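J.: Below you will find the structure I want to go over with you.
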Amino acid sequence: MTSPPKSPLQPVDSLDRRPRLAVHKLSSCDGCQLALLNAGASLLRLAERFDIVHFAEAGIIDVDAEADIALVEGSVSTAEEAERIQTIRARSRWLMPIGACATAGGPQALKNLANAEAWIASSYPEPQHIDARPTADAVAAHVHVELELPGCPVSTPQVLAALASLLAGATPLAEQDKICLDCKRRGQVCVLVTQDAPCLGPITVTGCGALCPSLGRACYGCYGPAENPEVATLAQRFAELGLDAEAVKRRFLFQQSGAAPFQQLLREWHPKPRAGSATASVDQGSSMTSEDRDHSMISASGEDEDD
Amino acid sequence: MIASRFLPRQHLQTLFDQLDALGYRCIGPQVRDGAIVYDRLGDLTALPIGIGAHQTPGRYRLEHQDHQRCFAWANGPQALKPLLFAPHETLWRTERDDAGRLAFTRELQPAQRQAVIGVRACDLAALALQDAHFADARADPSYSRRRHDLLLVGVECGQPADTCFCASTGEGPAISTGTDLTLTELDAGFLVRAGTEVGSALCDALPLRAPSDGELAQAEAEIEQARLSQHRSLPGRNLRESLFANLDHPRWDEVATRCLACGNCVAVCPTCFCSTEREQPSIDGSGSTRVRLWDSCFSAEHSYVHGRLLRPDTRTRYRQWLTHKLGGWHDQYGRSGCVGCGRCIAWCPVGIDLTAEANAICSDASESAQEAP
Amino acid sequence: MSTAAAMGPPWMGPPWEAEVLARDQETRGLCTLHLRLTDANARAAYRFLPGQFNMLYVPAVGGVPISIASDPAQPQRLAHTISAVGRVTRVLATLGTGDRIGLRGPYGRGWPLEKAEGQDLVVVTGGLGCAPVVAAIDYALARRTDFGQLVILQGVKHAADMFWRARYDAWAELPNTEVRLAADQPDHHWQDHVGLVTDLLDEVPLRPQASIALICGPEPMMLAAAKRLVALGISDDRIWLSLERGFQCGVGHCGHCQLGPYFLCRDGPVFPWSEISWLVGRKGF
């Protein structure tokens, strides 16, 4: 028998008060707070069911408040944040990092791959005034968390569903489906197969509603790796599409570079020779005819250009 | 065999007009986002006129061609499946009153007669399988309602893709059954034959003439050529014994190094039917909605039992898919779950070829399997 | 008449409303909910066979398949014994008298009790696996003369996991009934067998030609029990076991319980060993 999942907020009914909700911010762009602020009518209902004790973007500020549920956006990037996340943990019963920064370090975690001190020194004449830890970390690298909601920004429906689930006394259901399944459910046409676009949908967990492919563009993995992500297999496919090794690795260097499977790819992956793979039989040379180029007027809008 | 009549190309719009007059919403092939998709079709001009579809493993490209035909392509990523087995279906809603009492409601979508134009033999075979699955003794009400209101205009396939193997599975490229009306496209128009009384009535309203011997011969030659041009095949019609005897075949490990476990094959397969239920609670706590989504045996949740996954890795997930599709279906539906449409090959982002995998795993089966019906 | 009843049998949903009549805490992680359909017509029409299951549904949370662990002669009061291991069962475990949930069912093929008439019944269960068989035992006890010897073997991992002790004690008092219990990890109160439930098969007198075995528990335990029973001379079509998968729809549509040639929710969950032995215990199936 596996151990039961950690107790959600079961006693919410027996609290004799509304559960307290805090929305904290670490190093981030505030986009995840905005995703919640933009919830419209749902936000008003949320405010009826929770006592919102801290939510800076909504103008409610009490950073030290005790909370039943604490949402945290942003990465742990400064010494002050490393201290503050400990305090938040101690004062929160259910801690839920939201967004790519809080769950994987976000775009600022790219500095983890470089010598951050040298970087800072090269940019600022007086680097001693910059308060930055050498790495930008996910919240879970510092404290125990109950559930992570990824995404850049986090998905508003996912946050609301998680909060509704907690109010019902249940552990929120962690989304596990890959973008591809969601993309197909929405009747969208595969950009990898029709455009050779280096789409990360096959290894990325959904939550965005397969947004980029819906606009004819390749997913760049901002929700991070799904369960059982065959990252190396997809990287190999990108290489077969004509991307050089550096360009392949760059596909995994956006908001989720800190995710473990992407880190592993960056460390270990090298393109394999093309022979022997089933995809090697794809006769791309002969099929790239002038008709192919002509057809761009009847295909989706063009090239991938997300960097 | 029912005698064919001929519909000159310039009168194809009459068919649309007739269906419209009978209250059908027309669904048909059209170009969208670089593929042939089936969607609401206003009129004839939205059809993919002069368009071909070049398909290879993991690759799909539309091509402009120098002709006026509307159906000179094999297929697109989907056809009938999403129209009947909805990718997203509301099962019921729950309201909870202040005393904690629950009220459940199910809202079936209002009936809407739909006519699908341009259905292929492979998709008709898949439809028969979906019917066997969803319209069984405990019929799915939403599927059944949509199925009941469906009119089918088949078009025989004259331009199979490189990925097609319907001749091997026995479904096509000719259409033998399952339509209200079947068309065979020629340059000047269409051979037309009715499959049902509804189809006959439609024929009566169309400006049909007798086909020439040349037209009949040309149609037959094109379909035969479509059959002969297919070069992929499964090693037999019934691979059940062979697959289940090879559950430890090293090919499962090998294919797992190429497979993304993304589930695209399942999603585009016209016979795959797995679904998952999800709960959508309202934030005010008054109720929730139970929905059903397409699922895939490549997803984690599909094999979740009591806090563990029966199939934690790509190897066991791919094996589950193939042994069910080409094996277990024989027990459950009296035939293979593969209709030879080749979608799982074309729309696999890494171009895994089901026929190649089946041939590798069942290589010792090809002789006995040839004897199967 | 409720909306649900107006829509007929809730095979595909929506469920019926069910009310918690009582809740028993069986062990630390196990509880039994006694449920009653609130709609009088639905309640009057509801029947189940031993071995069948219901889908229990908690609005805003989700649904789970739970076998019916009560007397089929009393279908107005349905017992479901629940192990709080998942997100839905954890919530179910917090419910109390008066709480309301959804219920669909019954689903599946139950135990082959008609075929077992005139035979000895050998019940081999492990852990919570005893729950789906209790209804079969109740059924047999209500028709005691229709069956021969009743052998009831239950094993638990730890002595503290043992529940329904009073029932086993009561059954042990009945004539022509053998009850044996086993715990792999005993505590100092444990006076029964220490070890596996399958050990007990060697200790009880069996008539292989005249026995039907009903097995339910974790798959490794069922596998071991079935193999032992075969070794003891019981033919594989006389050995039945109840399998479990992530049942969702209950009617073989959703595909989660597909196993070889079967949909377990519809074709099972109870199968004869002769049909299923080739797939049980195979990793990935």
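J.: Here's a check for you: in segment B:112-146, which residue that is within 14 Å of chain C (Cβ to nearest Cβ) and not in a helix (DSSP H, G or I) is surrounded by the fewest Cβ atoms within 10 Å (Cβ to Cβ)?
T.: Of the residues in segment B:112-146, the ones within 14 Å of chain C (Cβ to nearest Cβ) are B:129-145.
This time we only want the ones that are not in a helix (DSSP H, G or I), so: B:135-140.
On the way: B:Ala135: 15, B:Asp136: 15, B:Ala137: 8, B:Arg138: 17, B:Ala139: 17, B:Asp140: 26.
Residue satisfying both the conditions and the ranking: B:Ala137.
J.: Identify all residues within segment A:120-152 that are farther than 16 Å from A:Gly258 by Cα and either basic (Lys, Arg) or surrounded by 15 or more Cβ atoms within 10 Å (Cβ to Cβ) (or both); write none if there are none.
T.: A:Ile120, A:Ala132, A:Val143, A:Val145, A:Glu146, A:Leu147
J.: Could you grab me the full set of residues in segment C:34-67 that are basic (Lys, Arg) and crowded, with 24+ Cβ neighbours inside 10 Å? If you could, list the steps in order and put the result at the bottom.
T.: Going residue by residue through segment C:34-67, those that are basic (Lys, Arg) are C:36, C:43, C:47.
Correct list: empty.
J.: Quick check on this structure: which one of C:Gly260, C:Gly268 is under 20 Å from the mean Cα position of the chain (by Cα) and crowded, with 19+ Cβ neighbours inside 10 Å? Full working, then the answer.
T.: Details: C:Gly260 fails: under 20 Å from the mean Cα position of the chain (by Cα).
The match here is C:Gly268.
J.: Here is a follow-up. Exactly one of (1) in a strand (DSSP E or B); (2) closer than 19 Å to C:Ala224 by Cα is unmet by C:Glu178. Its number?
T.: Against the list (1) in a strand (DSSP E or B); (2) closer than 19 Å to C:Ala224 by Cα, C:Glu178 comes up short only on (2).
J.: On to the next question. Take the residues in segment B:299-315 that are in contact (Cβ under 8 Å) with a residue 12 or more places away in the chain and outside any loop (DSSP other than H, G, I, E, B); name whichever of them is farthest from B:Glu357 (Cα to Cα).
T.: Ranking the qualifying residues of segment B:299-315, first place goes to B:Glu301.
J.: It is to be established whether one or more residues within segment B:348-359 are outside the structural domain of B:Asp123 (by TED's automatic domain parsing), farther than 30 Å from B:Trp73 by Cα and more than 22 Å from the chain's Cα centre (by Cα).
T.: Step one: of segment B:348-359, the residues outside the structural domain of B:Asp123 (by TED's automatic domain parsing) are B:348-359.
Next, only the ones that are farther than 30 Å from B:Trp73 by Cα stay: none.
So far as segment B:348-359 goes, no, none of its residues is outside the structural domain of B:Asp123 (by TED's automatic domain parsing), farther than 30 Å from B:Trp73 by Cα and more than 22 Å from the chain's Cα centre (by Cα).
J.: Please go through segment B:147-158 and pick out each residue that is surrounded by fewer than 21 Cβ atoms within 10 Å (Cβ to Cβ) and either modelled with pLDDT of 95 or more or basic (Lys, Arg) (or both).
T.: The first filter runs over segment B:147-158 and keeps only residues surrounded by fewer than 21 Cβ atoms within 10 Å (Cβ to Cβ), leaving B:147-150.
Passing the criteria: B:Arg147, B:Leu150.
J.: Acidic (Asp, Glu), out of contact with any His (no Cβ under 7 Å at 6 or more places or on another chain) and not assigned by TED's automatic domain parsing to the domain that holds C:Asp267: which single residue out of C:Glu173, C:Glu114 fits that description?
T.: Only one candidate passes the filter, namely C:Glu114.
J.: If the Cβ limit is 7 Å and pairs must be 6+ apart or interchain, which residue in segment C:266-285 that is assigned by TED's automatic domain parsing to the domain that holds C:Ile215 pairs with which residue that is small (Gly, Ala, Ser) and part of a strand (DSSP E or B)?
T.: Close Cβ pairs satisfying both conditions: C:Pro269/C:Ser242; C:Val270/C:Ser242.
J.: Provide a single number: the residues in segment B:284-310 that are at pLDDT 90 or above and within 7 Å of chain A (Cβ to nearest Cβ).
T.: 6
J.: Here is a further query. I'd like to verify a number: residues in segment C:260-278 that are part of a loop (DSSP other than H, G, I, E, B) and out of contact with any Leu (no Cβ under 6 Å at 6 or more places or on another chain), how many? Steps first, please.
T.: Residues of segment C:260-278 part of a loop (DSSP other than H, G, I, E, B): C:260-261, C:268, C:277-278.
Checking the rest, the ones that are also out of contact with any Leu (no Cβ under 6 Å at 6 or more places or on another chain) come to C:261, C:277-278.
Total satisfying the criteria: 3.
J.: Now, a different point. Out of C:Gly281, C:Gly246, C:Gly250, C:Gly233, report the one residue that is of a type outside the set (Phe, Trp, Tyr), more than 22 Å from the chain's Cα centre (by Cα) and not in a helix (DSSP H, G or I). Give the derivation first.
T.: On the way: C:Gly281 fails: more than 22 Å from the chain's Cα centre (by Cα); C:Gly246 fails: more than 22 Å from the chain's Cα centre (by Cα); C:Gly250 fails: more than 22 Å from the chain's Cα centre (by Cα).
Just one listed residue meets the conditions, C:Gly233.
J.: Same structure, new question: Among the residues of segment A:173-186, write down those that are touching a residue at least 40 places away in the same chain (Cβ under 8 Å) and closer than 25 Å to C:Val58 by Cβ. Walk me through how you get there before you give the answer.
T.: Residues of segment A:173-186 that are touching a residue at least 40 places away in the same chain (Cβ under 8 Å), as a first pass: A:176-179.
Correct list: A:Gln176, A:Asp177.
J.: Could you run through segment B:80-105 and say how many residues are surrounded by fewer than 22 Cβ atoms within 10 Å (Cβ to Cβ), in contact with a Phe, Trp or Tyr (Cβ under 8 Å, 6 or more places away or on another chain) and within 7 Å of chain C (Cβ to nearest Cβ)?
T.: Final tally of qualifying residues: 1.
J.: Please return the ranges of helices (runs of 4 or more DSSP H) entirely within segment B:162-270 where 1 or more residues are surrounded by fewer than 20 Cβ atoms within 10 Å (Cβ to Cβ). It would help to see each step written out before you state the result.
T.: Values: elements: B:166-169, B:197-204, B:213-228, B:240-244, B:250-256, B:264-268.
Correct list: B:166-169, B:197-204, B:213-228, B:240-244, B:250-256.
J.: Turning to a different aspect of this structure: Look at C:Lys157 and say whether it is outside the structural domain of C:Ile239 (by TED's automatic domain parsing) and either of a type in the set (D, E, K, R) or buried (at least 21 other Cβ atoms within 10 Å of the Cβ) (or both). First the steps, then the outcome.
T.: Numbers: outside the structural domain of C:Ile239 (by TED's automatic domain parsing): no; either of a type in the set (D, E, K, R) or buried (at least 21 other Cβ atoms within 10 Å of the Cβ) (or both): yes.
When the stated conditions are applied, C:Lys157 does not pass them.
Results for (1) assigned to a loop (DSSP other than H, G, I, E, B); (2) out of contact with any strand residue (DSSP E or B) (no Cβ under 8 Å at 6 or more places or on another chain), shown as yes or no for each residue.
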| position | (1), (2) |
| --- | --- |
| A:Thr103 | no, no |
| A:Lys111 | no, yes |
| A:Trp119 | no, yes |
| A:Pro125 | yes, yes |
| A:Ala132 | yes, yes |
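J.: Pick out the one residue from B:Leu12, B:Leu84, B:Leu80, B:Leu41 that is more than 18 Å from A:Gly187 (Cα to Cα), of a type in the set (A, V, I, L, M, F, W, C) and in the same structural domain as B:Thr196 (by TED's automatic domain parsing).
T.: None of the other options fit; the residue is B:Leu12.
J.: Restricting attention to segment B:271-284, which residues are touching an Asp or Glu at 6+ places or on another chain (Cβ under 9 Å) and surrounded by fewer than 20 Cβ atoms within 10 Å (Cβ to Cβ)?
T.: Listed by number, the list holds a single entry, B:Asp284.
The values are calculated or read from the model by the stated rules, or taken from the named source; none is laboratory data. What you see is a predicted model; the values in this text were computed from it and never measured. All Cβ positions, glycine included, derive from the backbone under ideal geometry; neighbour counts span all protein chains shown.
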